[in-house]
Every structure is written in C-alpha cells, then in structure tokens.
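The values are calculated or read from the model by the stated rules, or taken from the named source; none is laboratory data. In this text, all values refer to a predicted model and were calculated from it rather than measured experimentally. For neighbour counting, all protein chains shown are included, and Cβ atoms are generated from backbone atoms with ideal geometry for every residue, glycine included.
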C-alpha cells in the first residue's frame, strides 16, 4: 500500500524535475561555458532517447500497453491514466537511463560509487511504469538499454570535444 502512494509520484515531472534543474544549475555555476555545452549535450541525450523511443520504435513495433490491451485490461491494476496506445519501448526508461548514463560518464569528478546512484534513480522511475500498469517489464528493460546506448554515445562525443574539468 505504501508503494501505491509512492511509485505514482515517480512518474510525475514535478517529482523528478527538481533534481535535473539542480544539476543544470550546478553545472552552470561551476563550469560556465563548458557547463553550457554540457547542458546542450544533456538535452540532446534527452531529445535523442525521446525521439527514437516515441517516434521510431513505438510506432514500428506497435505493442499495445497492458492497460490498453483488451485481453489484459481487466487483470491490470491501472493506477494512472493509460497514456498513449503503444508501450515498447518505455520512453520514461529511455530518457532517464540516457540522462543517467550521460551524467555518469561525464561527471568523472564525482566518485563512481556515488554516480551509480543515478542508475538507481532511473530504475525506480522505470519500475514505477510497470507498477502502475502502463508498461511491461521488457518495455523498461529495452528502454533502459536504448537510453544507455544513447547516453554513452553523447557522453563520448562530449568528453572528446569539451569535457568537464575536475572540481578543485
């Protein structure tokens, strides 16, 4: 019952947006010009994962959400509005794992043992999609993989072209 109250919050942008806004402010304050470039790549990561998942893969695969499937709708505990028709891959998972991977690979001034928490954050947001009845587990697994691939790619380009210095 506790998760029935908590996990729907993780889907809400008002819940997770402050973390990303704090990150943007932190980068701008501490890295100025390179911070601006970092933000552009961070947004590029988000845009890339979102466009690939929502505009390419979902219409191509056409897998219906569990809450919209007439054969499953009665057995799915739907806790939030169902959303769009298609579920594969999860855009939430792709976006958050993409941003987690990009940040993990570019925030090398933070010990890796702490940067791993970014993936825990992305996992909880992704798991919430299954818990509330709008995604199948494979949707979030593949969305997470897509996000990680895009995040590695954008981080690799950013680190080669600009990179963030260490904090002293």
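Would you be able to say whether some residue in the stretch 8-17 is under 16 Å from the mean Cα position of the chain (by Cα), under 19 Å from residue 134 (Cα atoms), at pLDDT below 95 and in a loop (DSSP other than H, G, I, E, B)?
yes
Keeping to the stretch 150-167, report how many residues are within 16 Å of residue 36 (Cα to Cα), buried (at least 17 other Cβ atoms within 10 Å of the Cβ) and at pLDDT 90 or above.
3
Does residue 115 count as without any contact (Cβ under 8 Å) to a residue 40 or more places away in the chain, within 22 Å of residue 31 (Cα to Cα), touching a helix residue (DSSP H, G or I) at 6+ places or on another chain (Cβ under 6 Å) and surrounded by fewer than 24 Cβ atoms within 10 Å (Cβ to Cβ)?
Against the criterion (without any contact (Cβ under 8 Å) to a residue 40 or more places away in the chain, within 22 Å of residue 31 (Cα to Cα), touching a helix residue (DSSP H, G or I) at 6+ places or on another chain (Cβ under 6 Å) and surrounded by fewer than 24 Cβ atoms within 10 Å (Cβ to Cβ)), residue 115 qualifies.
Let me spell it out: the conditions are (1) part of a helix (DSSP H, G or I); (2) surrounded by 14 or more Cβ atoms within 10 Å (Cβ to Cβ); (3) more than 16 Å from the chain's Cα centre (by Cα); (4) touching a residue at least 24 places away in the same chain (Cβ under 8 Å), and residue 53 meets all of them except one. Which number is the exception?
(3)
Exactly one condition in (1) in a loop (DSSP other than H, G, I, E, B); (2) closer than 19 Å to residue 47 by Cβ; (3) touching a residue at least 40 places away in the same chain (Cβ under 8 Å) is not met by residue 79; state its number.
Answer for residue 79: the failing condition is (2).
Evaluate the following for residue 47: is it touching a helix residue (DSSP H, G or I) at 6+ places or on another chain (Cβ under 6 Å), surrounded by 13 or more Cβ atoms within 10 Å (Cβ to Cβ) and part of a helix (DSSP H, G or I)?
So residue 47 fails the test.
Tell me, yes or no, whether the stretch 26-33 has at least one residue that is touching a helix residue (DSSP H, G or I) at 6+ places or on another chain (Cβ under 6 Å), at negative phi and part of a helix (DSSP H, G or I).
For the stretch 26-33, residues touching a helix residue (DSSP H, G or I) at 6+ places or on another chain (Cβ under 6 Å), at negative phi and part of a helix (DSSP H, G or I): present.
Could you please let me know if residue 66 is modelled with pLDDT under 90 and crowded, with 21+ Cβ neighbours inside 10 Å?
yes
Go through the stretch 101-119 and give me each residue that's within 15 Å of the chain's Cα centre (by Cα) and not in a helix (DSSP H, G or I).
Matches in the stretch 101-119: 116 only.
Does at least one position in the stretch 93-100 carry a residue that is part of a helix (DSSP H, G or I), modelled with pLDDT of 95 or more, out of contact with any helix residue (DSSP H, G or I) (no Cβ under 7 Å at 6 or more places or on another chain) and within 30 Å of residue 67 (Cα to Cα)?
No, the stretch 93-100 contains no residue that is part of a helix (DSSP H, G or I), modelled with pLDDT of 95 or more, out of contact with any helix residue (DSSP H, G or I) (no Cβ under 7 Å at 6 or more places or on another chain) and within 30 Å of residue 67 (Cα to Cα).
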